[in-house]
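**Student:** Below are the C-alpha coordinates for one structure; questions will follow.
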Amino acid sequence: MPENKTKPTKMSVAAFIESISDPLRRADAKALVKIMQNAAGEKPQMWGPSIIGFGSYHYKYDSGREGDMPVIAFAPRKSATVLYGVAAAAAAIPLLSKLGKHSSGKGCLYIKKLADVDPQILEALIVKSLAAKRGTAKPHTE
(Lines give C-alpha, C1' and ligand atoms only; values in the text may rest on other atoms or scores of the structure.)
Protein backbone atom coordinates (compact mmCIF):
# COMPACT_ATOMS: atom_id res chain seq x y z
CA MET A 1 0.00 0.00 0.00
CA PRO A 2 1.45 3.43 -0.88
CA GLU A 3 2.62 5.60 1.98
CA ASN A 4 0.75 8.82 2.77
CA LYS A 5 2.64 11.80 1.30
CA THR A 6 1.08 14.31 3.67
CA LYS A 7 3.08 14.08 6.89
CA PRO A 8 4.04 16.57 9.58
CA THR A 9 7.37 18.30 8.98
CA LYS A 10 9.72 20.44 11.04
CA MET A 11 9.39 23.30 8.55
CA SER A 12 8.55 26.68 10.10
CA VAL A 13 4.95 27.82 9.59
CA ALA A 14 6.01 31.47 9.91
CA ALA A 15 8.79 31.04 7.32
CA PHE A 16 6.38 29.31 4.94
CA ILE A 17 3.83 32.11 5.28
CA GLU A 18 6.50 34.76 4.73
CA SER A 19 7.54 32.96 1.54
CA ILE A 20 4.07 33.44 -0.01
CA SER A 21 4.64 36.01 -2.75
CA ASP A 22 1.07 37.32 -3.03
CA PRO A 23 0.57 39.85 -0.19
CA LEU A 24 -3.19 39.22 0.02
CA ARG A 25 -2.73 35.44 0.16
CA ARG A 26 0.00 35.93 2.81
CA ALA A 27 -2.29 38.16 4.94
CA ASP A 28 -5.14 35.65 4.58
CA ALA A 29 -2.80 32.84 5.71
CA LYS A 30 -1.82 34.79 8.82
CA ALA A 31 -5.48 35.45 9.63
CA LEU A 32 -6.44 31.80 9.08
CA VAL A 33 -3.67 30.64 11.41
CA LYS A 34 -5.16 32.83 14.17
CA ILE A 35 -8.74 31.67 13.49
CA MET A 36 -7.88 27.97 13.29
CA GLN A 37 -5.44 28.01 16.20
CA ASN A 38 -8.03 29.72 18.40
CA ALA A 39 -10.77 27.26 17.39
CA ALA A 40 -8.63 24.11 17.60
CA GLY A 41 -6.58 25.03 20.65
CA GLU A 42 -3.58 23.62 18.79
CA LYS A 43 -0.41 25.21 17.42
CA PRO A 44 -0.01 25.21 13.64
CA GLN A 45 2.31 22.65 12.04
CA MET A 46 3.43 22.17 8.47
CA TRP A 47 2.15 19.01 6.81
CA GLY A 48 4.15 18.39 3.68
CA PRO A 49 5.60 21.43 1.93
CA SER A 50 2.45 23.61 1.76
CA ILE A 51 -0.31 22.57 4.19
CA ILE A 52 -0.70 24.24 7.58
CA GLY A 53 -2.50 21.87 9.95
CA PHE A 54 -3.87 21.91 13.47
CA GLY A 55 -4.01 18.80 15.61
CA SER A 56 -3.85 15.31 14.16
CA TYR A 57 -5.82 12.10 14.09
CA HIS A 58 -5.19 8.59 12.94
CA TYR A 59 -7.47 7.04 10.33
CA LYS A 60 -7.87 3.54 9.00
CA TYR A 61 -10.04 2.67 6.01
CA ASP A 62 -11.75 -0.65 5.45
CA SER A 63 -9.29 -1.11 2.55
CA GLY A 64 -6.45 -1.27 5.08
CA ARG A 65 -4.99 2.11 4.19
CA GLU A 66 -4.19 4.14 7.28
CA GLY A 67 -2.26 7.19 8.34
CA ASP A 68 -2.32 10.46 10.19
CA MET A 69 -3.83 13.75 9.04
CA PRO A 70 -4.40 17.17 10.57
CA VAL A 71 -7.83 17.61 12.13
CA ILE A 72 -8.24 20.87 10.20
CA ALA A 73 -5.84 22.52 7.78
CA PHE A 74 -5.42 24.96 4.95
CA ALA A 75 -3.11 25.50 2.01
CA PRO A 76 -2.62 28.85 0.30
CA ARG A 77 -2.59 27.96 -3.40
CA LYS A 78 -2.22 30.33 -6.36
CA SER A 79 -5.87 30.24 -7.43
CA ALA A 80 -7.46 29.97 -3.97
CA THR A 81 -6.84 29.05 -0.36
CA VAL A 82 -7.97 25.48 0.25
CA LEU A 83 -9.43 24.64 3.66
CA TYR A 84 -9.41 20.97 4.64
CA GLY A 85 -11.75 19.34 7.13
CA VAL A 86 -13.97 22.37 7.72
CA ALA A 87 -16.98 21.55 5.56
CA ALA A 88 -17.37 17.82 6.16
CA ALA A 89 -19.59 17.79 9.24
CA ALA A 90 -23.34 17.49 8.66
CA ALA A 91 -23.88 20.39 11.10
CA ALA A 92 -21.61 22.58 8.95
CA ILE A 93 -23.54 22.11 5.69
CA PRO A 94 -26.35 24.63 6.43
CA LEU A 95 -23.72 27.28 7.18
CA LEU A 96 -22.17 27.02 3.71
CA SER A 97 -25.05 28.98 2.13
CA LYS A 98 -24.36 31.84 4.56
CA LEU A 99 -20.55 31.79 4.20
CA GLY A 100 -20.17 34.03 1.18
CA LYS A 101 -18.21 33.55 -2.02
CA HIS A 102 -16.59 30.08 -2.05
CA SER A 103 -16.62 26.76 -3.82
CA SER A 104 -16.31 23.26 -2.45
CA GLY A 105 -15.51 19.71 -3.44
CA LYS A 106 -14.48 16.42 -1.80
CA GLY A 107 -14.58 17.87 1.71
CA CYS A 108 -12.50 20.93 0.77
CA LEU A 109 -13.53 24.55 0.81
CA TYR A 110 -11.98 26.97 -1.70
CA ILE A 111 -11.80 30.68 -0.88
CA LYS A 112 -10.21 33.19 -3.24
CA LYS A 113 -10.07 35.97 -0.62
CA LEU A 114 -10.86 35.82 3.07
CA ALA A 115 -12.67 39.15 2.64
CA ASP A 116 -15.21 37.32 0.42
CA VAL A 117 -16.55 35.29 3.34
CA ASP A 118 -18.25 36.07 6.64
CA PRO A 119 -15.57 35.53 9.33
CA GLN A 120 -18.13 34.56 11.98
CA ILE A 121 -19.70 31.93 9.72
CA LEU A 122 -16.23 30.62 8.81
CA GLU A 123 -15.33 30.31 12.48
CA ALA A 124 -18.65 28.55 13.19
CA LEU A 125 -17.92 26.11 10.33
CA ILE A 126 -14.51 25.36 11.80
CA VAL A 127 -15.87 24.90 15.33
CA LYS A 128 -18.69 22.57 14.19
CA SER A 129 -16.29 20.53 12.05
CA LEU A 130 -13.83 20.22 14.94
CA ALA A 131 -16.60 19.08 17.28
CA ALA A 132 -17.75 16.45 14.77
CA LYS A 133 -14.21 15.17 14.12
CA ARG A 134 -13.32 15.01 17.78
CA GLY A 135 -16.48 13.00 18.37
CA THR A 136 -15.55 10.55 15.62
CA ALA A 137 -11.99 10.27 14.39
CA LYS A 138 -13.00 9.02 10.94
CA PRO A 139 -12.49 11.17 7.86
CA HIS A 140 -14.31 10.75 4.55
CA THR A 141 -14.31 7.26 3.11
CA GLU A 142 -11.74 6.36 0.50
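**Student:** Using only the Cα atoms of the range 50-97, build the gyration tensor, take square roots of its eigenvalues as a ≥ b ≥ c, and label the shape rounded, prolate or oblate: rounded if a/c is under 1.5, else prolate if a/b is larger than b/c, else oblate.
**Tutor:** Details: a/c = 2.18, a/b = 1.26, b/c = 1.73.
Oblate, since a/c reaches 1.5 and b/c is not below a/b.
**Student:** Please compare each pair in K10/K101; K5/K101; K7/K34; K60/K128; K30/K60 to a cut-off of 28 Å on the Cα-Cα distance and tell me which ones are over it.
**Tutor:** Working: K10/K101 33 Å; K5/K101 30 Å; K7/K34 22 Å; K60/K128 22 Å; K30/K60 32 Å.
In this structure, K10/K101; K5/K101; K30/K60 exceed 28 Å between Cα atoms.
**Student:** Further, regarding this structure: Can you tally the net charge around G53? Count Lys and Arg as +1, Asp and Glu as -1, for every other residue whose Cβ sits under 11 Å from the Cβ of G53.
**Tutor:** With Lys, Arg at +1 and Asp, Glu at -1, the neighbours total 0.
**Student:** Would you mind giving the three semi-axes, in whole Å and largest first, of the ellipsoid equivalent to the chain according to its Cα gyration tensor?
**Tutor:** Values: eigenvalues 100, 76, 35 Å².
Equivalent-ellipsoid dimensions as semi-axes: 22, 19, 13 Å.
**Student:** Same structure, new question: Using the Cα centre of the chain as the reference point, and only Cβ charges (+1 on K/R, -1 on D/E), how large is the resulting charge dipole? Debye, rounded to the nearest 20.
**Tutor:** Numbers: 21 positive and 12 negative charges, 33 e Å.
The calculated dipole for the chain is roughly 160 debye.
**Student:** Which of P76, P23, P119 moves most in a GNM of the chain, Cα contacts under 10 Å?
**Tutor:** Of the options given, P23 has the highest mean-square fluctuation.
**Student:** To the nearest Å, what is the center-to-center distance of the range 89-137 and the range 15-49, using C-alpha atoms only?
**Tutor:** Answer, in whole Å: 17.
**Student:** Additional query: Note down the accessible area of M11, probe 1.4 Å, to the nearest 10 Å².
**Tutor:** Solvent-accessible area, nearest 10 Å²: 90 Å².
**Student:** Now, a different point. How much mean residue ellipticity at 222 nm does the chain get from its helices, if each DSSP H run of length 4 or more adds -39500 (n - 2.57) and you divide by all residues, to the nearest 500 deg cm²/dmol? Could the numbers behind the result be given before it?
**Tutor:** On the way: 4 runs with 48 residues, N = 142.
So the helix-based figure for the chain works out to -10500 deg cm²/dmol.
**Student:** Can you give the Rg/Rh ratio of the range 57-128, where Rg is from the C-alpha atoms and Rh is the Kirkwood radius? Mind dumping the intermediate values first?
**Tutor:** Values: Rg = 13.2 Å, Rh = 13.0 Å.
Taking Rh as the inverse mean 1/r over Cα pairs, Rg/Rh reads 1.01.
**Student:** Using only alpha carbon pairs under 8 Å that are at least six residues apart, calculate the relative contact order of the chain and give it in whole percent.
**Tutor:** Numbers: 224 pairs, mean separation 29.3, N = 142.
Relative contact order, the chain: 21 percent.
**Student:** A further question on this structure: For the range 72-79, what does the Karplus curve 6.51 cos²θ - 1.76 cosθ + 1.60, with θ = phi - 60°, yield as ³J(HN,Hα) per residue in whole Hz, taken in order and with x for Gly and Pro?
**Tutor:** These are the phi-based 3J(HN,Hα) values: 9, 6, 8, 9, x, 9, 4, 7 Hz.
The values are calculated or read from the model by the stated rules, or taken from the named source; none is laboratory data. In this text, all values refer to a predicted model and were calculated from it rather than measured experimentally. No Cβ is skipped: glycine too gets one built from the backbone with ideal geometry, and neighbour counts run over all protein chains shown. Note: accessible area is taken over every heavy atom of the protein model, side chains too, but ligands, DNA and RNA are not part of it. Shrake-Rupley method; radii C 1.70, N 1.55, O 1.52, S 1.80 Å.
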